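Peer 1: Mind looking over this structure? Questions follow.
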Amino acid sequence: MRSRLARALLAAFGWRVEFDGLPGPKGILIVYPHTSNWDFVLGLLAKWAIDLPIRWVGKESLFRGLTGATLGRLMRAWGGRPVDRHSASGAVEQLARLMQSENWFWLGLSPEGTRKRQDHLRSGFYHLALKLDVPVGLAYIDYARRTIGVREFVRMSGDAERDLARLRAFYADKVGRRPGQASTIAFREK
């Protein structure tokens, strides 16, 4: 029922979903570009439309306090999991333990970490993919073509510049709701 309703809503607004299945039981979906709050709504509808059992992470504060009491349960039901980005053990370690604890776990996240333009992506997805040796699905919400999809899965090689060049090539024609807000596909200089 939820799947049918989500497909109908997306179609009513002129959106289509491109998806051919997941390559295995574990992996990471990165969603780029993330330039609008509407990305969450569209992403959730797409997840439901294709009955995609992915989980996503949000900052821990979204799941606690007044926000957590009102929306935390809903966000968990929708696949959300809190992550403490300031933990001494680190977000990558938290997520690695979480992913290793289950037989089926696909994690969806935005490597931009925000809707505002940044000069780099957060590298956690990269380190997590290397640590767990899982594929990275290249997901997108392309407002120019009104398409939401996951059409390519890649393995990170450990050569960050080569891997980032591959991401840049794939996402070059994907347009966010606010194109000027898309972050640069690069990692922060150390």
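Peer 1: Considering the Cα trace of the chain, what is its radius of gyration and what is Dmax, both in angstroms?
Peer 2: Rg then Dmax for the chain, in Å: 16.0, 48.
Peer 1: Where does each of 184, 70 land when they are ranked from fewest to most other beta-carbon atoms within 10 angstrom? Intermediate results must be reported in sequence, preceding the final value.
Peer 2: Numbers: 184 13, 70 9.
Lowest to highest Cβ neighbour count: 70, 184.
Peer 1: For the residues 47, 59, what sequence is obtained by ranking on other C-beta atoms within 10 Å, fewest first? Spell out each step's value before the answer.
Peer 2: Working: 47 22, 59 14.
Listed from fewest to most nearby Cβ atoms, that is 59, 47.
Peer 1: Under 5 Å between amide hydrogens, which residues at least 5 positions from residue 121 or on another chain qualify, with H placed 1.01 Å from N in the peptide plane?
Peer 2: Under 5 Å from the amide H of residue 121 lie the amide H atoms of 186, 187, 188, each far enough along the sequence or on another chain.
Peer 1: At 222 nm, what value in deg cm²/dmol follows for the chain if DSSP H runs of at least 4 each add -39500 (n - 2.57) and the sum is divided by all its residues, to the nearest 500?
Peer 2: -9000 deg cm²/dmol
Peer 1: Something else about it: Taking the simple approach of a point 7 Å from Cα along Cα-to-Cβ for both residue 160 and residue 97, what is their distance in nm?
Peer 2: 2.5 nm
Peer 1: If you count the DSSP beta bridges with both ends in region 2-176, what percent of them are antiparallel, to the nearest 5? Intermediate values should be presented prior to the final figure.
Peer 2: Details: 7 of 27 bridges.
Of those bridges, close to 25 percent are antiparallel.
Peer 1: How high is the relative contact order of the chain, given as a whole-number percent (alpha carbon pairs under 8 Å, six or more residues apart)?
Peer 2: On the way: 329 pairs, mean separation 58.8, N = 190.
It rounds to 31 percent for the chain.
Laboratory data are not the source of any read-out in this text; all were calculated from the coordinates shown. Keep in mind that this is a model prediction, so the values were computed, not measured. No Cβ is skipped: glycine too gets one built from the backbone with ideal geometry, and neighbour counts run over all protein chains shown.
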